[in-house]
1. Place a label point 7 angstrom from the Cα of Phe219 along the Cα-to-Cβ direction, then list the residues of segment 188-203 whose backbone nitrogen is under 16 Å away.
2. Subtracting the Cα-Cα distance from 0.36 nm times the residue separation, let me have the gained length for Arg111 to Ser252 in nm, one decimal.
3. Can you tell me the orientation of helix 110-127 relative to the chain, as the angle in degrees between its alpha-carbon axis and the longest Cα principal axis, to the nearest 10?
4. Short version: ³J(HN,Hα) in whole Hz for each residue of segment 217-230, in order, from phi by Karplus 6.51 cos²θ - 1.76 cosθ + 1.60 (θ = phi - 60°), x for Gly and Pro, what are they?
5. Expressed in nm to one decimal, what extension gain is obtained for the pair Arg78 and Glu133 from 0.36 nm per residue of sequence separation less their Cα-Cα distance?
6. Given Cα pairs under 8 Å that are at least 6 residues apart, what percent is the relative contact order of segment 233-317?
7. Mind listing the long-range amide H neighbours of Glu55? Cut-off is under 5 Å, sequence gap 5 or more, other chains count too, H placed in the peptide plane at 1.01 Å from N.
8. Round to the nearest 10 and give me the degree value, 0 to 90, for the angle of helix 131-150's Cα axis relative to the longest principal axis of the chain.
Amino acid sequence: MSIANLIPFYRKGGEDAMSYLVEDTVKCDECGSRQLKKDESRGEVVCEDCGLVLEDKVIDQGAEWRVFSPEQGDQRARTGAPMTVMLHDKGLSTDIDWQNKDYSGKSISSRYRSQFYRMRKWQKRSRVSNATERNKAMALAELDRMASRLELPKTIRETAAVTYGKAVDARLIRGRSIEGVAAASLYAACRICENPRTLDEIGEASRTGRKEIGRTYRFMVRELRMKIPPTKPEDYIPRFCSGLDLDAEVQSKAYELIAAAQEKELTSGRGPTGIAASIIYIASVLCGKRRTQREVAEVAGVTEVTIRNRYKELIQNLNIELEI
């Protein structure tokens, strides 16, 4: 029986709080029961029904030391940071700290500081050995900067980094700016992860314009044959409601209105941000927590005219009566 077949479970209190339950595919050799557990304190796999010890001297894959604070864990750990696609070398290379201190935290004497300075300089050069790696290093730093400014989660950053790497491997960077391709990769990642941002928002966070980002994005989608789902109005509802300080009641009402509008095909052929903004405006009025069209337009990044046009279409076709 393999240790890979052990999955954790927790009981209420007592010694069994850190026991492990064995997968249902494994049976007891004596009674055929599937109620098997791993006792970590003894290193045994035991049948709970008949008490047969199926395996003993199980290897503990965890650390052999205990820690009582995060700082202690960092000091005693013998491994580095995990691999990440947010670095051009995936974090596998070594890094010499900029602080002139040794492993115990003591300051390095002035006799050796010039030597450490030279080592640090050549170590940085060796990490970026050719033009491709230098390109990736600059682009990933730019991606991280834009994602931080837009407050995007880690999953979107990693997806954007993978997309940019595919563009580099397909040689789509030649003749285009690093910032433009990085911004297009971030825009595509937002749509893939169903947390979309508009081209205007990406353009404000980047050093390029909306037209270049859109042109580069369409080129990458065509050349890399990316299957990106279309943006839906409901994807914008949580973010817009948060920006307008509206509660869950308004969000729930907005989702109901979007579902009703989609049933009557009122959202096809129209911009998702305009539909989402007008739906939120209607929902806020219906729930008695009204926001003005100007406030909604500023958060959604659309004009008040767009909200008025969509708002009139929606209340007319959905038979909604509002007291404005």
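Each value in this text was obtained by applying a stated rule to the coordinates, not by laboratory testing. In this text, all values refer to a predicted model and were calculated from it rather than measured experimentally. Neighbour counts run over all protein chains shown; Cβ positions are idealised from the backbone, glycine included.
1. So the set is 188.
2. Working it through step by step, the gained length comes to 44.0 nm.
3. So the inclination is approximately 60 degrees.
4. 4, 5, 5, 5, 4, 6, 6, 8, 6, 7, 9, 9, x, x
5. 17.0 nm
6. 33 percent
7. For Glu55, whose amide H was placed from the backbone, the distant partners under 5 Å are Val45.
8. Here the helix axis deviates by roughly 60 degrees.
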